[in-house]
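Novice: Once you've had a glance at the structure underneath, I'll fire off some questions.
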Amino acid sequence: MRKPVIAGNWKMFKTRSETSAFFDALIPQIQDIEHCDIVVAPPYTALTTAVEETEGTRVAVGAQNVHWEEQGAFTGEVSVKMLVDVGCTYTIIGHSERRQYFCETDETVEKKTRAAVAGGLKSIVCVGETLSERDSGQALDVVRRQVRDGLGRLTPSDLSHIIVAYEPVWAIGTGRTATPVIAAEMHAAIRKTFAEIYNEAAADALRILYGGSVKPDNIAALMKEEDIDGALVGGASLDPAAFAAIIKYP
């Protein structure tokens with residue numbers, strides 16, 4: 001039985017004081033939640049505040065990105081060791097905005113994932129197609145390639161430290177959401193791809209999240225699908241009431 005994960009990606013929002021206020025409002029609403037794992041990924045500057053605010057709760061803190069090297073002349077980058085040092089237990093890797101705006105590739109996704117696994121961080125690794133790729137019938141090929149080239153050379157044991165997030169790029173921040181059927185079809189295809197690369201047991205144990213305009217009013221329908229194991233939430237995760245409602249979807 002795969003335990004669901006509800007993860008919030010704040011992107012470039014919230015100062016330290018806003019982070020404190022968010023958790024002051026969120027924690028009382030979800031303190032008794034046990035049906036899912038909860039992750040919040042604030043910006044780097046708010047990580048320490050988030051770790052302090054969530055101490056003793058069931059909320060884990062993750063980063064939105066990580067570099068694959070331990071240290072070095074990489075201005076503006078942050079290593080796995082640094083994230084672990086401030087109390088992070090997760091990191092997001094390969095988000096579509098990182099791919100689109102910062103030239104990240106399947107190759108860098110693989111390097112970052114390997115580094116995260118080796119350094120003790122759990123990774124939420126993102127895959128997904130653009131609108132033009134879906135409209136041209138390439139969605140499945142694109143996502144299968146991202147899985148194979150970004151995650152297909154890991155070891156089966158590495159997969160226990162990885163969560164995959166399917167995020168159709170055309171549904172991120174647009175208000176458009178893949179229907180539960182569309183999302184479920186891609187999730188099943190992702191799981192099948194992992195089974196082909198590794199084995200059925202590893203694929204069956206892998207948690208696959210949906211990301212793309214997830215809101216309180218669509219989370220329940222998405223979570224009814226067998227292969228959808230949770231959500232990577234963007235804009236709605238900035239509002240403690242909305243995020244709490246998503247977490248309490250059952």
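The values are calculated or read from the model by the stated rules, or taken from the named source; none is laboratory data. Please read these numbers as outputs of a predicted model, since none were measured by experiment. Cβ: placed from backbone, ideal geometry, glycine included. Neighbour counts: every protein chain shown.
Novice: Going by what's in this entry, would Lys215 be described as more than 17 Å from Asn9 (Cβ to Cβ), charged (D, E, K, R) and surrounded by fewer than 22 Cβ atoms within 10 Å (Cβ to Cβ)? Even if it seems obvious, please write down each step before you answer.
Specialist: Details: more than 17 Å from Asn9 (Cβ to Cβ): no; charged (D, E, K, R): yes; surrounded by fewer than 22 Cβ atoms within 10 Å (Cβ to Cβ): yes.
Answer is no for this residue.
Novice: Between Leu121, Leu131, which is among the aliphatic types (A, V, I, L, M), modelled with pLDDT of 95 or more and in contact with a Phe, Trp or Tyr (Cβ under 8 Å, 6 or more places away or on another chain)?
Specialist: On the way: Leu131 fails: modelled with pLDDT of 95 or more.
From the options Leu121, Leu131, the qualifying one is Leu121.
Novice: Moving to a separate point now. Which ones in region 115-149 are in a helix (DSSP H, G or I) and under 16 Å from the mean Cα position of the chain (by Cα)?
Specialist: From region 115-149, those in a helix (DSSP H, G or I) are 115-119, 131-135, 139-149; that's our starting set.
The answer is Ala116, Val117, Val143, Gln146, Val147.
Novice: Separate question: With at pLDDT below 95 and either more than 17 Å from Leu159 (Cα to Cα) or touching a Pro at 6+ places or on another chain (Cβ under 7 Å) (or both) as the only criterion, which of Gly230, Gly212 stands out? Steps first, answer last, please.
Specialist: Values: Gly230 fails: at pLDDT below 95.
None of the others qualify; the one that does is Gly212.
Novice: Does any residue of region 94-116 turn out to be among the acidic types (Asp, Glu), farther than 21 Å from Ala202 by Cβ, touching a residue at least 24 places away in the same chain (Cβ under 8 Å) and exposed (fewer than 14 other Cβ atoms within 10 Å of the Cβ)? Steps first, answer last, please.
Specialist: First, pick out the residues of region 94-116 that are among the acidic types (Asp, Glu): 97, 104, 106-107, 110.
Checking which are farther than 21 Å from Ala202 by Cβ leaves us with 97, 104, 107.
When the remaining residues are screened for being touching a residue at least 24 places away in the same chain (Cβ under 8 Å), the result is 97, 107.
Narrowing further to those that are exposed (fewer than 14 other Cβ atoms within 10 Å of the Cβ): 107.
Yes, region 94-116 contains a residue that is among the acidic types (Asp, Glu), farther than 21 Å from Ala202 by Cβ, touching a residue at least 24 places away in the same chain (Cβ under 8 Å) and exposed (fewer than 14 other Cβ atoms within 10 Å of the Cβ).
Novice: When the residues of region 135-182 are filtered to those that are closer than 22 Å to Lys3 by Cα, among the hydrophobic types (A, V, I, L, M, F, W, C) and at pLDDT 95 or above, which remaining residue is surrounded by the fewest Cβ atoms within 10 Å (Cβ to Cβ)?
Specialist: Checked region 135-182; the qualifying residue surrounded by the fewest Cβ atoms within 10 Å (Cβ to Cβ) is Ile162.
Novice: Applying the selection to region 205-217, what residues are in contact (Cβ under 8 Å) with a residue 40 or more places away in the chain and either among the hydroxyl-bearing types (Ser, Thr, Tyr) or under 19 Å from Lys3 (Cα atoms) (or both)?
Specialist: Taking region 205-217 first, the residues in contact (Cβ under 8 Å) with a residue 40 or more places away in the chain are 205-213.
The answer is Ala205, Leu206, Arg207, Ile208, Leu209, Tyr210, Gly211, Ser213.
Novice: Pull out all pairs, ordered by first then second residue, where Cβ-Cβ is under 9 Å, the residues are six or more apart or on different chains, the first lies in region 223-240 and is at positive phi and free of Cβ contacts under 8 Å to residues at least 12 places away in the same chain, and the second is in a helix (DSSP H, G or I) and surrounded by fewer than 18 Cβ atoms within 10 Å (Cβ to Cβ).
Specialist: none
Novice: Within region 178-189, is even one residue within 15 Å of the chain's Cα centre (by Cα) and of a type in the set (D, E, K, R)?
Specialist: Within region 178-189, none of the residues are within 15 Å of the chain's Cα centre (by Cα) and of a type in the set (D, E, K, R).
Novice: Conditions: (1) at pLDDT below 95; (2) under 25 Å from Lys224 (Cβ atoms). Ile190 meets all but one. Number of the miss?
Specialist: The number of the failed condition is (1).
Novice: Anything in region 19-41 that is farther than 17 Å from Ala165 by Cβ, in contact (Cβ under 8 Å) with a residue 24 or more places away in the chain and not hydroxyl-bearing (Ser, Thr, Tyr)? List them, or say none.
Specialist: Of region 19-41, the ones farther than 17 Å from Ala165 by Cβ are 19-35.
Restricting the remaining residues to those that are in contact (Cβ under 8 Å) with a residue 24 or more places away in the chain gives 19-20, 22-27, 29-31, 33-35.
Selection gives Phe22, Phe23, Asp24, Ala25, Leu26, Ile27, Gln29, Ile30, Gln31, Ile33, Glu34, His35.
Novice: I'd like the full set of residues that are under 20 Å from Val51 (Cα atoms), in a loop (DSSP other than H, G, I, E, B) and among the charged types (D, E, K, R), limited to region 78-114. Steps first, answer last, please.
Specialist: From region 78-114, those under 20 Å from Val51 (Cα atoms) are 78-93; that's our starting set.
Still in the running and in a loop (DSSP other than H, G, I, E, B): 78-79, 87-89.
Listed by number, the list is empty, since nothing qualifies.
Novice: One residue is enough: does region 136-157 have a residue meeting the conditions over 22 Å from Arg99 (Cα atoms) and of a type in the set (D, E, K, R)?
Specialist: no
Novice: Exactly one condition in (1) part of a helix (DSSP H, G or I); (2) in contact (Cβ under 8 Å) with a residue 40 or more places away in the chain is false for Arg153; which is it?
Specialist: Here Arg153 clears every test but (1).
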